[in-house]
Structures are given as structure tokens and as C-alpha cells.
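Working notes, beginning with the structure itself.
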Amino acid sequence: MRYRYLLFVFYLCFVTATGQISDFARLEYKVLPRGNSNFGYSRARAAVNYPIELKNSNYLLLGLDYSNIEMSFDPEIAKFNTDIIQDFQMLEFNLAYIKKLKNDWRLGVRFTPGFSSNLGSKITFEDAVFAGDVVFINDKRDDTTIDKPYRLIVGVSYSQNRGISFPLPFISYYRKFHPKWSYNLGVPKSNLQYHISKKSRLKLVTELDGFTANIQEGLPVNNEEDLAKKINVSLILGGLRYEFKIKDHLELFCNFSGVLMETAELRNKDNDKVSTVDKKIPFTLVREYV
């Protein structure tokens with residue numbers, strides 16, 4: 001059985017004002033070497049958001065999110081020039097608004113324009129990507145009047161950089177049903193948590209990952225009969241995570257996870273699939289370290 005490694009450096013989040021619609025700051029590095037699979041990638045990411053408090057406990061959030069992704073492919077499977085799609089740059093501008101509603105509900109709206117491309121030349125409109133979220137948040141995690149604290153977030157989320165080219169329902173339901181146990185059910189992330197102490201937690205997790213990017217100048221595939229203009233990578237991960245809270249908004253965590261599904265698709269200008277790179281085996285172990 002082969003192993004692949006997924007590395008996160010650290011995770012810093014601001015949750016008080018935003019209801020977890022966005023992180024306050026985030027530095028992340030993850031590595032999935034190709035090994036015996038048909039493709040692998042590494043991703044370095046830095047994100048920062050600045051909250052501005054408005055009247056009546058409403059908030060405006062302004063931020064940037066940058067990623068550099070490096071891909072590797074099995075040349076025997078790919079059968080095309082992989083040099084063109086080995087390096088991708090992504091930059092997103094984050095604008096979010098959190099409005100206080102009645103009965104402890106909040107409305108969260110986020111718009112995220114940016115670009116995602118291999119940047120073969122200057123940035124063009126074809127490199128543009130868009131994301132958006134509309135969610136309703138009811139956070140009762142700090143309510144001492146109820147026996148089982150909870151948080152409910154429901155809405156719709158769309159991101160071209162997620163690797164899935166259509167809107168997804170955003171559902172996140174957290175409940176602490178025991179002093180040591182809680183769970184979070186939803187899309188794109190779910191987990192079961194064991195609270196070791198106030199500062200540390202152990203989780204069983206599943207989550208979606210991936211990205212979509214423009215290929216400038218295009219990539220000839222299928223004996224040059226088709227021209228790929230986009231790459232779409234989708235991953236489903238599941239496994240075990242340990243988290244340790246250093247301060248109120250600073251966490252370190254490490255994962256030991258399995259890649260439940262991974263695909264890399266090349267698409268033409270009409271977003272039709274023209275080539276697919278699938279992994280060779282049905283299950284891959286992933287280990288994540290801080």
C-alpha cells in the first residue's frame with residue numbers, strides 16, 4: 001500500500017464577527033506527491049481578511065486570497081505536453097457583508113472575484129474566476145441557557161476554484177451533544193469531534209477540495225484533435241485530524257487522511273471534457289503534518 005503526504009503549516013482564524021463565513025488569516029501548505037497515482041499537486045496558500053464593524057453589530061469584510069499550485073502527471077497516462085500545466089497562480093479578492101437579523105439570525109453575503117491561470121502571458125478575461133455565497137447563520141454555541149449548544153448555517157455556495165463547476169448547497173450544522181463530544185454535518189465539510197480539553201480536539205473529517213484554472217494559449221490533446229482551455233481538479237478527503245488551540249484565534253493541526261476520490265479533467269472553451277486523468281487505485285492514504 002502506498003502513502004501520500006498532505007502538509008498544513010498552520011491555521012489562524014477570526015470567527016467572532018464573521019460566523020465562520022471567512023478566516024481572518026490563513027497560511028497553508030499541502031503536498032500530495034504523485035507516487036503511483038496518475039497525478040499529484042502541491043499548494044501554497046496565504047489569505048487575509050480585515051473586518052470592519054458597522055452599526056447594529058453588522059460587519060464588512062475585505063480580503064485577499066493567493067495560491068500557487070504545482071501539478072505533476074504520469075507521462076504514460078497523460079499523453080500530452082504536461083509542461084504547460086505544471087504551475088498555476090490564483091488570486092481572489094474577498095468582499096463579505098454580515099447583517100444581524102431577528103431571533104439571533106445573521107445574513108452573510110460574500111462575493112469573490114479573481115483570476116486562476118497558468119499565466120503563460122499577461123492576464124486576460126479568460127483567466128477570471130468568480131465565487132459567491134449567500135448564507136443564514138444561527139449561532140448558539142455560547143448560549144448558556146441551552147443544554148446542547150449548536151450552530152446552523154444554510155445557504156448556497158459557488159466557486160469556480162473549488163473544482164466543481166456548479167453551485168452547491170452550503171449546509172453546516174454543529175451540535176455539542178455531550179461535554180466531550182460534538183459533530184458538524186454539512187457540505188463541503190463534515191466531522192465528528194472529541195474534545196480532549198478546552199485547547200485540543202480530535203476529529204473524524206470528510207471534505208471537498210480542488211480547483212479550476214484557465215490554460216492560456218490552450219493545450220492540444222487527443223493527438224491534437226482537441227484544445228484544452230481549462231483544468232479541473234476534484235478531491236474528496238476523509239480521515240483523522242488533531243487540532244490544538246494556541247490562542248483564541250490561532251490553531252495548529254495535523255491530519256492522517258484518505259483520498260476517497262481524485263480526478264483531473266481537461267475541458268475545452270465550451271467547458272466540455274476532452275481528457276481525464278483518473279487515479280489507478282480506489283483508495284489512497286494521506287498523512288498530514290504540521
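If you take the residues in segment 142-168 that are among the charged types (D, E, K, R) and closer than 22 Å to Glu207 by Cα, which one is nearest to the chain's Cα centre (by Cα)?
Taking the candidates together, the pick is Arg162.
Look at Ala128 and say whether it is surrounded by fewer than 20 Cβ atoms within 10 Å (Cβ to Cβ), aliphatic (A, V, I, L, M), at pLDDT below 85 and under 19 Å from Ala228 (Cβ atoms).
no
Would you kindly identify the strands (runs of 3 or more DSSP E) lying entirely within segment 127-230 that contain at least 3 residues that are charged (D, E, K, R)?
Of the strands (runs of 3 or more DSSP E) lying wholly inside segment 127-230, those with at least 3 residues that are charged (D, E, K, R) span 200-221.
In the list Glu243, Glu217, which residue meets the criterion of being open to solvent by less than 20 Å² (accessible area, probe 1.4 Å) and either of a type in the set (A, V, I, L, M, F, W, C) or more than 15 Å from the chain's Cα centre (by Cα) (or both)?
That would be Glu243, the only listed residue that is open to solvent by less than 20 Å² (accessible area, probe 1.4 Å) and either of a type in the set (A, V, I, L, M, F, W, C) or more than 15 Å from the chain's Cα centre (by Cα) (or both).
Among what's in segment 150-195 and is under 21 Å from Ser234 (Cβ atoms), touching a residue at least 24 places away in the same chain (Cβ under 8 Å) and among the aromatic types (Phe, Trp, Tyr), pick the residue that is most open to solvent (accessible area, probe 1.4 Å).
Among those residues, the one meeting the criterion is Tyr158.
Got at least one residue in segment 58-67 being within 28 Å of Leu227 (Cα to Cα), open to solvent by 30 Å² or more (accessible area, probe 1.4 Å) and not charged (D, E, K, R)?
Yes: one or more hits.
Could you grab me the full set of residues in segment 221-240 that are more than 21 Å from Lys199 (Cα to Cα) and either open to solvent by 30 Å² or more (accessible area, probe 1.4 Å) or of a type in the set (Asp, Glu) (or both)?
Asn222, Asn223, Glu224, Glu225, Asp226, Leu227, Lys229, Lys230, Ile236 - these are the residues of segment 221-240 that are more than 21 Å from Lys199 (Cα to Cα) and either open to solvent by 30 Å² or more (accessible area, probe 1.4 Å) or of a type in the set (Asp, Glu) (or both).
So, of the residues in segment 68-108 that are free of Cβ contacts under 8 Å to residues at least 60 places away in the same chain and of a type in the set (Phe, Trp, Tyr), which turns out to be surrounded by the most Cβ atoms within 10 Å (Cβ to Cβ)?
Taking the candidates together, the pick is Tyr97.
The values are calculated or read from the model by the stated rules, or taken from the named source; none is laboratory data. Note that the coordinates shown come from a computational prediction; the quantities given were computed from them, not determined experimentally. Cβ atoms come from the backbone with ideal geometry, glycine included; neighbour counts cover every protein chain shown. Surface accessibility is based on the protein's heavy atoms, side chains included, excluding ligands, DNA and RNA. Shrake-Rupley method; radii C 1.70, N 1.55, O 1.52, S 1.80 Å.
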